[in-house]
1. What about Tyr235, is it of a type in the set (Phe, Trp, Tyr), modelled with pLDDT under 95 and either buried (at least 21 other Cβ atoms within 10 Å of the Cβ) or assigned by TED's automatic domain parsing to the domain that holds Ile302 (or both)?
2. Run Ile231 past the list (1) part of a loop (DSSP other than H, G, I, E, B); (2) over 21 Å from Arg288 (Cα atoms); (3) aliphatic (A, V, I, L, M) and report the number of the one that doesn't hold.
3. Does the range 113-131 hold any residues that are crowded, with 20+ Cβ neighbours inside 10 Å and part of a loop (DSSP other than H, G, I, E, B), and which are they?
4. What number of residues within the range 94-128 are among the charged types (D, E, K, R), in contact (Cβ under 8 Å) with a residue 60 or more places away in the chain and closer than 22 Å to Lys6 by Cβ?
5. Here is a check on your reading of the model: is Asp261 touching a helix residue (DSSP H, G or I) at 6+ places or on another chain (Cβ under 6 Å), of a type in the set (D, E, K, R) and modelled with pLDDT of 95 or more?
6. Which ones in the range 186-220 are among the acidic types (Asp, Glu) and closer than 20 Å to Ile330 by Cβ?
7. Output the residues belonging to the range 127-138 that are modelled with pLDDT of 85 or more and in contact with a strand residue (DSSP E or B) (Cβ under 7 Å, 6 or more places away or on another chain).
8. When you go through Lys272, Lys259, Lys244 one by one, which is the residue that is over 20 Å from the mean Cα position of the chain (by Cα), in the same structural domain as Thr311 (by TED's automatic domain parsing) and not hydroxyl-bearing (Ser, Thr, Tyr)?
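The values are calculated or read from the model by the stated rules, or taken from the named source; none is laboratory data. Since the model is a prediction, treat every value here as computed from it, not as a measurement. As a convention, Cβ positions derive from the backbone with ideal geometry for all residues, glycine included, and neighbour counts pool all protein chains shown.
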Amino acid sequence: MTDLNKIISDWSQNGAVLVLARVVKTWGSSPRPIGSMMIINEEGKISGSVSGGCVEGAVVKKSQALFTKHIGEKLSFGVSDEEAYSVGLSCGGRIEVYLQAVDFSTNKVWNSLLKSRQSNQSCVLISKLSKNENWLIDENGRLRGTSLSPVIIKEARTVFNERVHKTFNFKGQNYFIQAFSRKPTLLIIGVAHITVDLVTIAHLHEFETILVDPRGYFTKNTHFITEPTQIYAAYPSEVLHKVKLDPYTFCAILSHDPKIDDNALEILLPSKVAYIGALGSKKTHQKRIERLTSKGISQDLISKIQAPIGTPINAKSAKEIALSIMSEIIKFQNQFE
């Protein structure tokens, strides 16, 4: 939705109603994944996509009746082999698209969603597919909308933690639960020669970057091509309470100093971060395991560490190692999608 924020804000001025179309279910080779979105205004202008071009025309046509009725409607489309091939897929499939009239200006659920996205805050949107009824859970756990079953709220938290949208059936009714995450964070422990290139690549992929290293000489004197979002010249245990350690945070342990690396791992391993990778050879990692075990950290938690860090591409230079690390992070980021 990030790309749609400004357009939604512009098109919904003066209380204008928009139609939001979302992919809520797919079978076979879908041109666009579940959660893909398209916005339509009363003039028929569109932004976003639900199929890469296969069914957009039909969706726009169906949307016109919703501007006055202010209801929701679920549509099913078959994507032929020929249409699928034209958008880069080997074979066709089916998609379900949910259309609903949306007032982003005055409706408290939709307005809260827009404000959350504009301020880079996470939230979960829940939509009842039998009618245009919606709820929002913000990143502080507050519910917007009418009362909602604790069963559905629990499922919404699961969706957020697993980073995957889903249709959930409860008492014979289907609810589409969609997680809207803040920008992902790459937390880097240790300012090393690899860090400079890793920060640049991470920003290219729209990650915020947070660097933590108590060695002030490195934090003050390292020249970054792309400036990190934040730098903390402190031990991890002194500052990680300021960082969101949730499923949208990915961690690279790079200092090569056990006093710093282990200090971070003792906090990160029990947390909900999506990824922890640590620099070093297999021999180095075995020593790390022994140190962490002696501190009472379980093997289940220790097994979360990806070491040696990065996708194996026979990387040699700092740029190549940074690329291998970012490749592995993106693999973990996309594993549920």
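1. On the way: of a type in the set (Phe, Trp, Tyr): yes; modelled with pLDDT under 95: no; either buried (at least 21 other Cβ atoms within 10 Å of the Cβ) or assigned by TED's automatic domain parsing to the domain that holds Ile302 (or both): yes.
The answer is no for Tyr235.
2. (1)
3. Ser122, Leu129, listed by residue number.
4. So the first thing to find is which residues in the range 94-128 are among the charged types (D, E, K, R), and the list is 94, 96, 103, 108, 115, 117, 128.
Adding the requirement that they be in contact (Cβ under 8 Å) with a residue 60 or more places away in the chain leaves 94, 96, 103, 117.
From what is left, the residues that are closer than 22 Å to Lys6 by Cβ are 103, 117.
Residues meeting the conditions: 2.
5. Details: touching a helix residue (DSSP H, G or I) at 6+ places or on another chain (Cβ under 6 Å): no; of a type in the set (D, E, K, R): yes; modelled with pLDDT of 95 or more: yes.
No: the conditions fail for Asp261.
6. Step one: list which residues in the range 186-220 are among the acidic types (Asp, Glu), which gives 197, 206, 208, 213.
Asp197, Glu206, Glu208, listed by residue number.
7. Step one: of the range 127-138, the residues modelled with pLDDT of 85 or more are 127-129, 133-138.
Those that are modelled with pLDDT of 85 or more and in contact with a strand residue (DSSP E or B) (Cβ under 7 Å, 6 or more places away or on another chain): Ser127, Lys128, Leu129, Asn134, Trp135, Leu136, Ile137, Asp138.
8. Numbers: Lys272 fails: over 20 Å from the mean Cα position of the chain (by Cα); Lys244 fails: over 20 Å from the mean Cα position of the chain (by Cα).
On inspection, the qualifying residue turns out to be Lys259.
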